[in-house]
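Below: one structure, written as structure tokens.
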Amino acid sequence: MRHAGRALACLALLSSLAVAAPAAAQDDGVAPLPDDFLWGVSSSGFQSEGNGPDSNWLRYTEEQEDKEDVGASVDFRHRYAEDIALAADMGVEVYRFGIEWARVEPAPGAWDQAELAYYDDVVRHVLDAGMTPMITLNHWVHPGWVADQGGWRSEETLRDFTAYAESIVERYAGLGVMWVTFNEPTLYVYHEIDNGAATWLDAPWLFDRLARAHSAAYDFIHEADPGAMVTSNLAFIPLTPWLFDAAFIDRIAHELDFVGIDYYMGVSLDNLTAARTLTGGLADAQPDGIYYALRYYANKFPDLPLYIVENGMATHDGAARPDGLSRAEFIEDHVYWLQRAREDGIDVIGYNYWSITDNYEWGSYTPRFGLYTVDVQGDPSLTRVPTSGVDAYAAVIADGGVPAGYDPVVPESVCSLIDPPLSCLVPAS
Ligand code: BGC
């Protein structure tokens, strides 16, 4: 067992920090996840609906030459019934999608009834297929008129978002919806700055308004929909997760019913390939990082359940990846580490794969994350073509995980830097 001696020595010192003190590796392999574990898929409005109305992001794509046009994307706006059915066919239980504020309120106080009816029908299809809708109220996109008033630099935006969110929540209260207020607030702020809509000096005010908007939404969701589960999903950033927590989640931690975590990328002494993403490359997958990301939040929020709201693998236009991993292997390896986390006492209650189909990756159609691949720029029929991930995901859902004797394709990392020093000094096995 790699690291075992060092782990034992450190364990005595660090066990007070580690809610889930790593169990010795199980001889009989990993146990399945419990029957009530939630298996989901994730998507967002702007990235998949296509032909959206005026918004901050539509402007970024139209005004910046290095960003591809969104166009019709995968046309979820008209093909939602097909995508929801594809998810249900895999046995998926939670369907996450976003409501686009710009669609439903294209001008201040003016509600577009046709677009609201479209979302009503999405919700109905998800429910009729026996799945739980997980609705994101804001996935980085706000209407053009909100951008004109300064986006989140303006106090008016806090007031306007609250009115929008309240009407959506009232509309779908009582249907068993799981709510995500803001998708990855740290990256929302980063993208606003990166796209020139705000400066670094604005960042504290942006975070402050987003936190207050989350708090307001949390309160009225619980008034309108008392049993609802609410989160804001966090982009897990390795090395210094606490630094990013300080910007947002630490402020609203008392207003979360579960901690939504997006895990895409790890760093370890034997995997520093995350650096490739700075120049548009693909990092090698580090599946055991999902274990350490979960353990980090289990230690931090021992009373809150955890949910992997996004986890997914990109190819470049479907080509082989530098690490050679298939989508099936990616899913199986990550699910293996979820099972390990559960065995070690970590209260992880769900997992969403990002995404059900390929979609617009914030400037480009090259990265493809879909269980179903769609050649948006080359195939006018926008046919959903299954990848190896479809059968693999259906199998793990049916079996509650990978089989007991599963041997991960990607070896356990040497000194994970997901949450240093703990993730290095106290490895999972
Ligand atoms: C975002 C998604 C994005 C995914 C893959 C997440 O940070 O929430 O919108 O497509 O990462 O890059």
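Derivation of every value follows stated rules applied to the coordinates shown; laboratory data play no part. Here the structure is a predicted model, which means the values were calculated and not measured. Every residue, glycine as well, gets a Cβ built from its backbone with ideal geometry; the counts of neighbours run over all protein chains shown.
Each label point was placed 7 Å from the Cα along the Cα-to-Cβ direction; for Asp208 and Trp145 their separation is 2.7 nm. The Cα center of the stretch 373-429 and the Cα center of the stretch 86-151 differ in position by 27 Å. Between Ser44, Leu239, Phe258, the Cα set farthest toward the positive side of the dipole of the stretch 2-425 (charges on each charged residue's Cβ, about the Cα centre) is that of Leu239. A cut-off under 12 angstrom between Cβ atoms defines the neighbours of Gly91, and their net charge, with Lys, Arg +1 and Asp, Glu -1, is -4. From most to least packed by mean Cβ count within 10 Å, the peptides 293-302, 351-360 give 351-360, 293-302.
Taking the charge dipole of the chain about its Cα centre, with +1 at Lys and Arg Cβ atoms and -1 at Asp and Glu Cβ atoms, the residue from Thr277, Gly196, Ala72 reaching farthest to the positive side is Thr277. Distant-in-sequence amide contacts of Trp354, defined by a placed amide H-H separation under 5 Å and a gap of 5 or more residues or a different chain, comprise Ser42, Asn311, Gly312.
Near the amide H of Ser413, within less than 5 Å, lie the amide hydrogens of Asp288, all on another chain or at least 5 residues away, with H placed in the peptide plane. Measuring r between the beta carbons of Glu166 and Leu272 and using R0 = 35 Å, the FRET efficiency lands at 0.15. In the stretch 367-414, taking the dipole from charged Cβ atoms about the Cα centre, the farthest positive-side position among Tyr393, Pro411, Pro380 is held by Pro380. In the chain, the longest principal axis of the Cα atoms and the axis of helix 203-224 are about 90 degrees apart.
Across Pro408, Pro108, Pro32, mean-square fluctuation computed from a Gaussian network of the chain (C-alpha pairs under 10 Å connected) peaks at Pro108. Take every DSSP beta bridge whose two residues both sit in the chain; close to 20 percent of them are antiparallel. Pairs of Cα atoms under 8 Å, at least six residues apart: use those to get the relative contact order of the chain, whole percent. It comes to 23 percent, rounded to a whole number.
The ranking of Met229, Met134 by Cβ neighbour count inside 10 Å, starting from the fewest, reads Met229, Met134.
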